[in-house]
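Asker: Here it is: the structure, laid out below.
The values are calculated or read from the model by the stated rules, or taken from the named source; none is laboratory data. Here the structure is a predicted model, which is why all the values come from computation and not from measurement. FYI the Cβ positions are ideal-geometry reconstructions off the backbone, even for glycines, and counts take in every protein chain you see.
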Amino acid sequence: MTAKRKIVVILGPTATGKSKCGILLAKKIGGEIISGDSMLVYKDMNIATAKPSTAELQTVPHHLIDILPPDASFNVVDFKTKAAELIEEISQRGKMPIIVGGTGLYLKALLENYQFAQTQAQKELRSSLEALAKKEGKEALYARLTQIDPQAAAELKGNDSRRLIRAIEVATEGETVSQTKASESPYDAVVFGLNMDRPVLYDRINARVDEMVQAGIFEETKQLVEQGVPSYAQSMTSIGYKQILKFMAGDYTKEECINKIKQATRNFAKRQITWYKQMPYIHWFQITPTEDYEKLVNTMVNYLNKN
């Protein structure tokens with residue numbers, strides 16, 4: 001029987017310092033980082049995604065970052081396939097694959113070897129929705145969206161069929177694949193989780209959004225629109241870009257937009273934590289506001305040496 005590839009995973013809600021931790025660990029154990037974040041795959045989308053800086057990316061090898069144009073699609077099936085290939089390549093080089101990210105479905109699918117019943121499910125969904133629109137009009141699409149995502153429906157009322165179809169696809173992403181998992185993980189995985197007390201985490205999220213505003217998140221979004229990236233693109237429905245598009249449309253003041261981004265990010269962190277509760281094999285670390293990440297990573301290295 002072939003030995004399982006050993007991998008390390010660092011996960012946790014947004015703004016807990018996963019990227020910093022991953023880079024420090026990779027330097028100590030000779031690792032290469034595979035991004036487990038659904039948004040870091042996109043080029044030219046740096047600020048709202050909290051993408052590691054150019055200097056950080058050059059410190060150790062990173063993968064699945066800046067591999068697609070902003071208008072491309074990327075889903076859990078794509079991630080699982082590409083991550084598995086990279087784990088094998090990195091292992092054959094004698095390096096340790098370190099997966100860093102917070103997209104719960106992606107990480108769970110990889111670690112628990114989800115078997116996808118139909119990789120073409122999203123294409124088939126779009127075809128069926130296009131047929132529905134042709135037969136019954138956009139009103140039928142709106143009714144479908146209202147059933148599965150009332151908030152999105154309220155925001156898109158009166159929009160064209162294409163945007164309604166994209167909204168339905170986004171709302172059902174992850175539900176169009178089977179979540180049947182294998183009896184055991186295909187990897188010898190050590191999974192570290194970073195978490196913070198909720199008030200500390202929320203303060204950190206709010207501060208990060210303020211930093212993003214200073215770094216030019218509004219300007220970045222404007223540039224993407226000027227490049228021709230459509231508002232219904234998968235990448236533009238993510239937190240930050242989605243709210244700024246509404247600001248650009250006149251739906252929010254700038255202050256309201258910033259507060260909406262903070263609120264959406266806090267809600268996202270709560271959803272991430274809910275995902276992780278389904279993963280009992282995580283070794284958790286409670287991060288403090290003055291966390292010494294060097295010391296934390298040394299603790300991780302000691303744990304890896306014993307396991």
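Asker: For segment 119-127, does any single residue satisfy the condition of being modelled with pLDDT of 85 or more and either over 14 Å from Gly36 (Cβ atoms) or not assigned by TED's automatic domain parsing to the domain that holds Lys242 (or both)?
Answerer: At the first step, the residues of segment 119-127 found to be modelled with pLDDT of 85 or more are none.
Checked against the condition, which is being modelled with pLDDT of 85 or more and either over 14 Å from Gly36 (Cβ atoms) or not assigned by TED's automatic domain parsing to the domain that holds Lys242 (or both), segment 119-127 yields no hits at all.
Asker: Criterion first (over 18 Å from the mean Cα position of the chain (by Cα), assigned by TED's automatic domain parsing to the domain that holds Phe218 and either touching a residue at least 12 places away in the same chain (Cβ under 8 Å) or within 28 Å of Arg266 (Cβ to Cβ) (or both)) does Glu85 satisfy it?
Answerer: Values: over 18 Å from the mean Cα position of the chain (by Cα): yes; assigned by TED's automatic domain parsing to the domain that holds Phe218: yes; either touching a residue at least 12 places away in the same chain (Cβ under 8 Å) or within 28 Å of Arg266 (Cβ to Cβ) (or both): no.
No: the conditions fail for Glu85.
Asker: Let me ask you something else. Select from segment 39-70 the residues that are in a loop (DSSP other than H, G, I, E, B), touching a helix residue (DSSP H, G or I) at 6+ places or on another chain (Cβ under 6 Å) and not aliphatic (A, V, I, L, M) and list them in ascending order.
Answerer: Residues satisfying the conditions are Pro52, Pro70.
Asker: Quick one: Leu57 ticks every box in (1) touching a strand residue (DSSP E or B) at 6+ places or on another chain (Cβ under 8 Å); (2) free of Cβ contacts under 8 Å to residues at least 60 places away in the same chain except a single one, so which number is it?
Answerer: That leaves (1) as the condition not met.
Asker: Quick one: count up the residues across segment 204-241 that are over 17 Å from Ala72 (Cβ atoms) and without any contact (Cβ under 8 Å) to a residue 40 or more places away in the chain.
Answerer: 7
Asker: Also, I was wondering about something else. Can Ile205 be described as of a type outside the set (D, E, K, R), touching a strand residue (DSSP E or B) at 6+ places or on another chain (Cβ under 6 Å), over 24 Å from Ala153 (Cα atoms) and surrounded by 19 or more Cβ atoms within 10 Å (Cβ to Cβ)? Walk me through it before giving the result.
Answerer: Numbers: of a type outside the set (D, E, K, R): yes; touching a strand residue (DSSP E or B) at 6+ places or on another chain (Cβ under 6 Å): no; over 24 Å from Ala153 (Cα atoms): yes; surrounded by 19 or more Cβ atoms within 10 Å (Cβ to Cβ): yes.
Taking the combined requirement at face value, the residue does not satisfy it.
Asker: Hey, does segment 249-270 have a residue that's of a type in the set (Gly, Ala, Ser), within 25 Å of Asp44 (Cα to Cα) and assigned to a loop (DSSP other than H, G, I, E, B)? Write out each step before concluding.
Answerer: We begin by selecting, within segment 249-270, every residue of a type in the set (Gly, Ala, Ser); these are 249-250, 264, 269.
From the residues that got through so far, the ones that are within 25 Å of Asp44 (Cα to Cα) too are 249-250, 264, 269.
If we keep only those that are assigned to a loop (DSSP other than H, G, I, E, B) as well, we get 249-250.
Looking for residues that are of a type in the set (Gly, Ala, Ser), within 25 Å of Asp44 (Cα to Cα) and assigned to a loop (DSSP other than H, G, I, E, B), one finds at least one in segment 249-270, hence yes.
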